[in-house]
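The values are calculated or read from the model by the stated rules, or taken from the named source; none is laboratory data. Not measured: the values here are computed from a predicted model. Glycine also receives a Cβ, built like all others from the backbone with ideal geometry; neighbour counts cover every protein chain displayed. What goes into the accessible areas is simple: the full protein's heavy atoms, side chains included, and nothing from ligands, DNA or RNA. Shrake-Rupley method; radii C 1.70, N 1.55, O 1.52, S 1.80 Å.
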Amino acid sequence: MAAIELAGVSKTYGTNAAVREVDLALPEGAFVVILGPSGCGKSTLLRMVAGLEAISAGELRIGGARMNEREPKDRGCAMVFQNYALYPHMSVAENIGYPLKVAGVSRTERQARVAELAAALELTPLLARRPGQLSGGQRQRVAIGRAMVRRPKVFLYDEPLSNLDAKLRVQMRLELRRLHERLGATSVLVTHDQQEAMTLADHLVVMNAGRVEQQGTPREVYARPASLFVAGFLGAPAMNLLPAEVLASGDTLRLADGTLLRLPEAVGHRGAVMLGIRPEHVEAGRLPATVEMVEDLGASVLVHARMPGGAALTLHSPADAAPARGEEIGLDLPPARLHLFDPASGVRLPLGRIPASQRAEDGLFVTSASL
Amino acid sequence: MERRATFRSPLLPWLLVLPQLLIIFVFFYWPTGEAFHWAFTLEQPWGGGRQWVGWQNFQEIFGSAAYWSSVRTSLTYAFGTSALAILIALLLALFIDREVRASRGWRVALIWPYAIAAPAIGMIFRFVFDPRAGVFSTLNALWPGAWDPALNGTHAMLMLILAGAWQLVAYNFVFFLAGLQSIPRPLIEAAAMDGAGPLRRMRDIQVPLLAPTFFFLVVINLTDSFTNSFGLVDIMTAGGPARATEIMVYKIYADGFKGLDYSGAAAQSIVLMGLVILLTVIQFRFVERKMHYR
């Protein structure tokens, strides 16, 4: 059952559409991550769910009930803001207890619940402090505590980790996930960080220019990006995208330098396409390329190579067998790992799978580059 | 970064600040020094010999019931005006902030009353509060004698406070609005998510966060009511009826220039100056330092 449903939800500012006709059904108890570049409307979408922005068109349902006209406090959502939005004139305890105070909970019960939460979030020694005296990670935990205290059914996070340093971010990511498992509520997190999205999400929603580009489990979205945008946005380093051409036979691809690649199966499309392959799927082989730059990532190295036709390609290589700059190397683009996109619309072109036995024989087909 | 300008000749910087120094000296330090001198001497009304009398002038004013009455009147006026002006300005700013965003035009329009000279305001309010022709004349038509600032001291003080507050509201409003708009929007949104309605948010979030602005304005308004109220009093009540509105600055003027008691007036103005200095010290020592969060 869907905890949050959006049906044709749009947001327009004057003539400017920030969110266009979004249809989403977010499963109950899931950790949903909305991912997109800045300005894609993801925060606006979250704020519409929260009730902080009016919904221009469409319907929002939480737990089956229409929410469009309800005040934020009546929607059963709690929100963690990007800059934490802690009340600077209140102590940590007062901050966490504020939702209860507003709800008219008695002082003794309030104190008991704040103490309980503080213990869970390791904030007990800080209860008397003001937010100004806390570190970024501590403020983050106070903000989460304030969101948790009312025991909401839905948690909304607006880029909660973006103000933390890299190490703390990884740590808080784990904590958020752990918290989600324990609370069993539905969490919706908005981020522009694709790594955060991949690691946290049960259900990933990728947005671009106010529209949902793709949704599904992170694995699905990563393995089969539905559009050029998703292919380029998800994954670090980004997927290699090379212009190519499908020849008349429909099962052969010609790269810009004339290299021919055999596809596992014929595609319906003819003519120009975008060929995508992830850096980790590029293997050693017979396609010539020149190493332009080598980045040491520690566990492995990232090689930036250029093919004779001018196409740039990045690939992972084991750290102990890293090629040197300027070296000529041979590459292989395994057909089973290729993604094809329509260069005009950006839509993924369906690519057939071939049985493993067959793939072993002719993984790659190379002819002279003299065309 | 080195922000000090270096001059080859030590004379040039002094020459550059000289005009300003001269103005300050001629119009501030010199008269102040003179006032100090007069406060400790007995000055002849028509000039001539003056006699050193030590603290006698001060003893005289502190022993005078009329002086203490003027202090009380001043305090009533200052606190009444400040409280009213701050309260109204705060309410206006809270509502403007909530309903009309980015209303720069309104902000400019609302600061205008502060730019109007006090005597002009005095004239306007004399008409407004006139017991026979003003807005309140209808009150007198119903209950004869219900409103008469020319005879009733309380009415006169009320009238002054309303006129003074009217002018200060404009000033306070601008500060409150600026203060409100500098409160990060997410704080208000967080409070909304936490279940607080608009009035609750004003009480719990916006007003407490305005505390620095609030204390700043209290000090500024009090100082302003002590020193800048002369024009209003002179035009509207001339200290009357029966000295009910004779505030400290007006008494200084009346004693000095009408009663020709220069020394007594000088002593009074030294006391008033001390009071203003005290308020300023409070402003800088406590308010500026303590009232900022984080």
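Tell me yes or no: at least one residue of the range B:166-185 is farther than 21 Å from B:Val219 by Cβ and free of Cβ contacts under 8 Å to residues at least 12 places away in the same chain. Yes: the range B:166-185 contains one or more residues that are farther than 21 Å from B:Val219 by Cβ and free of Cβ contacts under 8 Å to residues at least 12 places away in the same chain. The numbered conditions (1) within 14 Å of B:Asp97 (Cβ to Cβ); (2) surrounded by fewer than 21 Cβ atoms within 10 Å (Cβ to Cβ) are all true for B:Met202 except (2).
Does B:Leu94 fit the bill of being surrounded by 11 or more Cβ atoms within 10 Å (Cβ to Cβ), in contact with a Leu (Cβ under 9 Å, 6 or more places away or on another chain) and assigned to a helix (DSSP H, G or I)? Here the answer is yes, as B:Leu94 does meet what is asked.
Only residues that are outside any loop (DSSP other than H, G, I, E, B) and within 18 Å of B:Gln167 (Cβ to Cβ) were counted across the range B:122-139, and they come to 7.
Kindly indicate the residue of the range A:97-123 that is closer than 15 Å to A:Ala147 by Cα and not hydrophobic (A, V, I, L, M, F, W, C) and also farthest from the other protein chains (Cβ to nearest Cβ) among those meeting that condition. For the range A:97-123, the residue satisfying everything is A:Glu116.
Give the residue that is surrounded by the most Cβ atoms within 10 Å (Cβ to Cβ), with candidates limited to residues of the range A:186-216 that are among the hydroxyl-bearing types (Ser, Thr, Tyr) and touching an Asp or Glu at 6+ places or on another chain (Cβ under 7 Å). Looking at the filtered set, the residue picked out is A:Thr186. Condition check for B:Ser269 on (1) within 14 Å of chain A (Cβ to nearest Cβ); (2) closer than 17 Å to B:Ala66 by Cα: one failure, at (1). Selection over the range B:197-229 of residues that are part of a helix (DSSP H, G or I), aliphatic (A, V, I, L, M), more than 8 Å from chain A (Cβ to nearest Cβ) and under 26 Å from B:Gln167 (Cα atoms) gives a count of 7. In the range B:263-285, is there at least one residue being out of contact with any helix residue (DSSP H, G or I) (no Cβ under 6 Å at 6 or more places or on another chain) and in a loop (DSSP other than H, G, I, E, B)? Within the range B:263-285 (the criterion being out of contact with any helix residue (DSSP H, G or I) (no Cβ under 6 Å at 6 or more places or on another chain) and in a loop (DSSP other than H, G, I, E, B)), the answer is no, since none of the residues qualifies. Considering every residue within the range B:38-58, establish whether at least one is among the aromatic types (Phe, Trp, Tyr), more than 29 Å from B:Val218 (Cβ to Cβ) and surrounded by 12 or more Cβ atoms within 10 Å (Cβ to Cβ). Yes: one or more hits.
Within the range A:45-65, the residues that satisfy the criterion of being within 14 Å of chain B (Cβ to nearest Cβ), within 19 Å of A:Asn208 (Cα to Cα) and either touching a residue at least 60 places away in the same chain (Cβ under 8 Å) or basic (Lys, Arg) (or both) are A:Leu46, A:Arg47, A:Val49. Taken over the range A:295-308, the criterion of being surrounded by 15 or more Cβ atoms within 10 Å (Cβ to Cβ) and in a loop (DSSP other than H, G, I, E, B) is satisfied by A:Met307, A:Pro308. Against the definition (in contact (Cβ under 8 Å) with a residue 60 or more places away in the chain, buried (at least 17 other Cβ atoms within 10 Å of the Cβ), in contact with a strand residue (DSSP E or B) (Cβ under 8 Å, 6 or more places away or on another chain) and within 14 Å of another protein chain (Cβ to nearest Cβ)), how does A:Val33 come out, yes or no? Considered against the rule, which asks whether it is in contact (Cβ under 8 Å) with a residue 60 or more places away in the chain, buried (at least 17 other Cβ atoms within 10 Å of the Cβ), in contact with a strand residue (DSSP E or B) (Cβ under 8 Å, 6 or more places away or on another chain) and within 14 Å of another protein chain (Cβ to nearest Cβ), A:Val33 comes out as no. Tallying residues that are outside any helix (DSSP H, G or I), surrounded by 16 or more Cβ atoms within 10 Å (Cβ to Cβ) and of a type in the set (S, T, N, Q) within the range A:130-162 yields 0. In this structure, does A:Pro279 turn out to be touching a helix residue (DSSP H, G or I) at 6+ places or on another chain (Cβ under 9 Å) and modelled with pLDDT of 85 or more? It is false that A:Pro279 is touching a helix residue (DSSP H, G or I) at 6+ places or on another chain (Cβ under 9 Å) and modelled with pLDDT of 85 or more.
Close contacts from the range A:291-302, counting a first residue that is over 10 Å from A:Ala322 (Cβ atoms) and a second that is in a strand (DSSP E or B) and open to solvent by 30 Å² or more (accessible area, probe 1.4 Å), with Cβ to Cβ under 6 Å and a gap of 6+ residues or different chains, come to A:Glu292/A:His304; A:Glu292/A:Arg306; A:Met293/A:His304. When the range B:170-196 is limited to residues that are facing chain A (nearest Cβ under 8 Å), outside any helix (DSSP H, G or I) and open to solvent by less than 30 Å² (accessible area, probe 1.4 Å), the one that is nearest to B:Ala89 (Cα to Cα) turns out to be B:Ala196.
When residues in the range A:86-104 are screened for being farther than 15 Å from A:Ala128 by Cα and either surrounded by fewer than 17 Cβ atoms within 10 Å (Cβ to Cβ) or in contact with an Asp or Glu (Cβ under 7 Å, 6 or more places away or on another chain) (or both), 4 of them pass. Check whether at least one residue in the range B:150-158 is within 26 Å of the chain's Cα centre (by Cα), crowded, with 23+ Cβ neighbours inside 10 Å and assigned to a helix (DSSP H, G or I), and report yes or no. The answer is yes; a qualifying residue exists.
Applying the condition of being farther than 22 Å from A:Thr186 by Cα and charged (D, E, K, R) to the range A:1-30 and asking which residue is least open to solvent (accessible area, probe 1.4 Å) yields A:Lys11.
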